[in-house]
Structures are given as C-alpha cells and as structure tokens.
Amino acid sequence: MTTDTEEPTLTIDELAARAGVTVRTVRFYGTKGLLPPPVLGPRRVGHYGREHLARLALIEELQHQGMTLAGIDRHLRQLPPDLTARDLAVHRAVVASWAPDAVETVTREELERRAGRPLGDEDVERLVAMDVLRPGDDGYEADLGLLRLGVGLLDVPLSQEAIFAARKVLLEHSRAAARELSRLFRGEVAERDARDVRSLSAHIHPLVVQALLTAFQRSLKEELGEWLTKPSGTSGSD
C-alpha cells in the first residue's frame, strides 16, 4: 500500500481486491469519470494509489445510501480536486454516519469478499474481539458499518490491547460530548413548537457530526505533530 505522498503501486486487480469490488466495476467507474485515471507505468500498465482506493470506498458508500450514479457524479464534482486519501476517508465517515445500523449474516467467503482481502483465523478472531463480527449458526453476523474500519485496523501496528483502549476512550468521550450537546440543544428548544424542534434537529444533526469530525481530525493532527516533532527522550507530559 502507498502513503499519501508515494507513487501509486496497485494494479487494477489489486485495487479491486482491496476495495472489495470487481475489476469490471473499477473500469466502469473509470469510464463514467467517477474514478481518476491510473498513472501509466512501464508497458503502459496502469497503477493506482490510496486516493483511488479511498474514492472507491466513498462511491460504494454513496451507493449504499441509495444515491444514483448521476447523483454520485454531481457529489464528487463538488469536492475539492486535491483531496488526499485521508480527506476522502473523513468525508466517507460523514456520509456513513447517516446509514442505518446494518447487520447481516454472511458466510466466510462473503465476509472475505466484503473485506476485500483474505482473512485468516487470527484476523477473524480479532474482528470478533472488536465486536465487528459475531459467530452465528450460519456464518457470522457482520456489522457492515464497522467492517471496513475493523479490517483496516488489522494492518495497524498496534497491539489489540491498545486498540481496545483507544475504542474505550473514543466511546467515553463521544458519549460525553453527545450528552452535553443534547442538554444544550434541549434547553434551546424547550419552549418551541414540536415542528420547530424536529426541523432544528434535522439541521443540527449533520452540522454537529461534521463539526465533531473536523474538530477531532484537527486536534489529532496537532497532537501527533507535536509528538513527532519533540526531541527524542522528551517526556510527553507537561
């Protein structure tokens, strides 16, 4: 896999496998202008990178939300042209936040197809431990909203304990933020007509989700930047 600054190195077969789609689908999206063309290497072989993979994930998410190809095309054209794979992943997270909870029972073969990669027994055990999968009589109950995230975490060089600790931190703080914001907004609309309350809620929901994601992304970037630029041996505490 490439980083945001590395040259694209995935063939179309590798891109399709990682995205969990067919090569035909990748080519179709390319002909429709939904996917940027690959970088041509020796022998005019096309190579794809992280931006292509992230854009494919976004397209699939938009389709999952019921958007037509024409609608997806309009949506993608409104995005800044220089978005990185990380930016696209954040945008997909905003889109995915509107999807209803989707839990399906899948076979091991279907699970690997949706994951876009082979999964060993240890991988499946980690996904079960992360509560992305639950073993069932006919296969696995898979939380499709978390599956791509869980599969991505399989490649992160962190211990399972560290991932669980991070999950606990995120859940605790996100619930605390949701609770405080809910109290704030309830106080603001307490005296309003029920119709106004529903209208305000419909407007606030997407704005709050996007604000939280943006604020968290910037805060995390600043924290990681400070950590990476500190001289070795410097304590992380104040």
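The values are calculated or read from the model by the stated rules, or taken from the named source; none is laboratory data. Model, not experiment: these values are computed from the prediction. As a convention, Cβ positions derive from the backbone with ideal geometry for all residues, glycine included, and neighbour counts pool all protein chains shown. To get the accessible areas, we keep the full protein, side chains included, count just its heavy atoms, and leave off ligands, DNA and RNA. Shrake-Rupley method; radii C 1.70, N 1.55, O 1.52, S 1.80 Å.
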**OP:** Calculate the spin-label point distance for Leu171 paired with Arg134, positioning each point 7 Å from the Cα along the beta-carbon direction, and give it in nanometres.
**Re:** 1.3
**OP:** Rank these by accessible area, largest first, 1.4 Å probe: Leu62, Leu170.
**Re:** Leu170, Leu62
Original post:
With a ≥ b ≥ c the root eigenvalues of the C-alpha gyration tensor of region 11-111, is it rounded (a/c under 1.5), prolate (a/b larger than b/c) or oblate?
Top reply: oblate
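So what is Rg over Rh here for region 137-186, counting just Cα atoms and using Kirkwood for Rh? Please list the in-between numbers first.
Working: Rg = 15.2 Å, Rh = 13.4 Å.
That ratio is 1.14, to two decimals.
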**OP:** May I ask you to order 35-47, 80-92 by the average number of other C-beta atoms within 10 Å around their residues, highest value first?
**Re:** 80-92, 35-47
**OP:** Work out, step by step, the length gained on full extension between Phe185 and Glu110: first 0.36 nm times the residue separation, then minus their alpha carbon distance; give nm to one decimal.
**Re:** 22.8 nm
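What FRET efficiency comes out for Leu212 versus Arg44 if R0 is 45 angstrom and r is the Cβ-Cβ distance? Round to the nearest 0.05. Numbers along the way, then the final one.
Working: r = 45 Å, r/R0 = 0.99.
Efficiency at R0 = 45 Å is approximately 0.50.
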Subject >> Heavy-atom accessible area order for Glu222, Glu14, largest first, 1.4 Å probe >> reply: Glu222, Glu14
Original post:
How much accessible area per residue does region 145-189 have, in Å², with a 1.4 Å probe?
Top reply: 73
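Give me the accessible area per residue for region 1-86, probe 1.4 Å, as a whole number in Å².
Working: 5180 Å² over 86 residues.
On a per-residue basis, region 1-86 sits at 60 Å².
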Original post:
Where the accessible area of region 19-139 is counted over protein heavy atoms with a 1.4 Å probe, how much of it, in %, is carbon and sulfur?
Top reply: 50
